[in-house]
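The values are calculated or read from the model by the stated rules, or taken from the named source; none is laboratory data. Nothing here was measured: the structure is a model prediction, and the numbers come from that model. Please note: Cβ atoms are built from the backbone with ideal geometry, for glycine as well, and neighbour counts cover all protein chains shown.
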Amino acid sequence: MKKNKHAYLLLAPFFLLFTLFTILPVALSVLLSFTSFNMLQLPHWVGFQNYSRLLLDDDIFLIALKNTLLFAVITGPVSYIACFLFAWLINDMPPKLRAFMTLVFYAPSISGNLYFIWQIMFSGDRYGIVNGWLIQVGILHDPILWLKDPQFILPILIVVQLWLSLGTGFLAFIAGLQTVDRTLYEAGAVDGVRNRWQELWFITLPSMKPQLMFGAVIQITTSFAVADVSMALAGFPSVNYAAETVVTHLIDYGSIRYEMGYASSIATVLFMVMVGSNILIQKMLRKVGD
């Protein structure tokens, strides 16, 4: 540390901010999860009471956990693979066309009125695009309340979430593909690599492991932290809690009921699930190219 003191000095502002606004809040949240705290009185220690209530008595949390796991299992891997495949295909295009296609794929994740589009599509009256088309072709006679019917809400939200998922991870893959050394493909051809799939597995993927890891973390975090799309399309709370997720449950107790101790226990459980998933993905990505 003495030898590299100038480097540590330059890094100090970042580490200070990271500690104050990331590490400290996480540690305080874990600590608060063992207390009863309503924002008006001082917290008092209750031990594992919040966790026992969460896992044994809170039926809505179990519904939210099931929905969140469905989101993560479906949207996480599918969006991750889709991000990479689209980035891989776009990477070989001419620079101007590649830049345009990158914007096209990335635009939904930064659009401000994106939920308005889906609300029009799945409107519950005859003027909704989906209802109107299905009635016109004779499949339906009466419109369906897509965003009020529990059997349709979750599949629709999963489709919307997949549409929104081509974001930061997609850009990371584009950047990673641009940094792969082209001479490695020539060396691979000499060593027996005969097609693009072999190039992908033995050269491209091992050369961009940092971007693959970054994309995996982003997609896992996004898939487990679904909330905005649920509240915007299905309401808050949704019908029969069909679109309830762990984060919307957390918002309910943290921002509306102000049961901060209980909300902290929800956040801690979600944090542990995310960390466990990231560790599992890291172990899987280490085998890429073997």
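Can you name the condition, by its number, that GLU199 falls short on among (1) outside any helix (DSSP H, G or I); (2) under 30 Å from SER277 (Cα atoms); (3) among the charged types (D, E, K, R)?
If we test GLU199 against (1) outside any helix (DSSP H, G or I); (2) under 30 Å from SER277 (Cα atoms); (3) among the charged types (D, E, K, R), just (1) comes out false.
Select, from LEU177, LEU184, LEU166, the only residue that is of a type outside the set (Phe, Trp, Tyr), modelled with pLDDT of 80 or more and under 24 Å from the mean Cα position of the chain (by Cα).
Of the residues listed, the single one that is of a type outside the set (Phe, Trp, Tyr), modelled with pLDDT of 80 or more and under 24 Å from the mean Cα position of the chain (by Cα) is LEU177.
Which of the helices (runs of 4 or more DSSP H) found entirely inside the range 92-152 contain at least 1 residues meeting this: modelled with pLDDT of 85 or more and over 28 Å from ALA175 (Cα atoms)?
114-121, 129-136
For MET39, are the conditions met, namely being at pLDDT below 90, among the hydrophobic types (A, V, I, L, M, F, W, C) and within 19 Å of ARG257 (Cβ to Cβ)?
Yes.
Go through the range 13-38 and count every residue that is loosely packed, with under 10 Cβ neighbours inside 10 Å and not in a helix (DSSP H, G or I).
0
Please go through the range 177-193 and give me each residue that is assigned to a loop (DSSP other than H, G, I, E, B) and either touching a Pro at 6+ places or on another chain (Cβ under 7 Å) or surrounded by fewer than 19 Cβ atoms within 10 Å (Cβ to Cβ) (or both), ordered by number.
THR179, VAL180, ASP181, ARG182, GLY192
Which one is nearest to ILE60 (Cα to Cα), of the residues in the range 224-234 that are without any contact (Cβ under 8 Å) to a residue 60 or more places away in the chain and of a type in the set (Gly, Ala, Ser)?
ALA227
Could you count how many residues in the range 228-273 are surrounded by fewer than 17 Cβ atoms within 10 Å (Cβ to Cβ), under 16 Å from the mean Cα position of the chain (by Cα) and at pLDDT below 90?
Residues that pass the stated criteria total 1.
Could you list, in sequence order, all residues of the range 255-290 that are closer than 14 Å to SER29 by Cα, in contact (Cβ under 8 Å) with a residue 12 or more places away in the chain and not hydroxyl-bearing (Ser, Thr, Tyr)?
GLU259, MET260, GLY261, ALA263, ILE266, ALA267, VAL269, LEU270, PHE271
Name the residues in the range 158-176 that are touching a residue at least 40 places away in the same chain (Cβ under 8 Å), assigned to a helix (DSSP H, G or I) and under 14 Å from SER79 (Cα atoms), would you?
Answer for the range 158-176, where residues must be touching a residue at least 40 places away in the same chain (Cβ under 8 Å), assigned to a helix (DSSP H, G or I) and under 14 Å from SER79 (Cα atoms): ILE158, VAL160, GLN161, LEU162, TRP163, LEU164, THR168, GLY169, PHE170, LEU171, ALA172, PHE173.
Every residue, every condition in (1) surrounded by 13 or more Cβ atoms within 10 Å (Cβ to Cβ); (2) in contact with a Pro (Cβ under 8 Å, 6 or more places away or on another chain); (3) within 30 Å of PRO237 (Cβ to Cβ), yes or no:
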| residue | (1), (2), (3) |
| --- | --- |
| THR102 | yes, no, no |
| GLY124 | yes, yes, yes |
| LEU145 | yes, no, yes |
| GLN198 | yes, no, no |
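Within the range 199-237, restricting attention to residues that are out of contact with any Asp or Glu (no Cβ under 8 Å at 6 or more places or on another chain) and among the small types (Gly, Ala, Ser), which residue is nearest to LEU280 (Cα to Cα)?
Applying the filter and picking the extreme gives ALA216.
Restricted to the range 82-134, and to residues that are in contact with a Phe, Trp or Tyr (Cβ under 9 Å, 6 or more places away or on another chain) and of a type in the set (S, T, N, Q), which residue is nearest to LEU147 (Cα to Cα)?
Only one residue fits best here, namely SER123.
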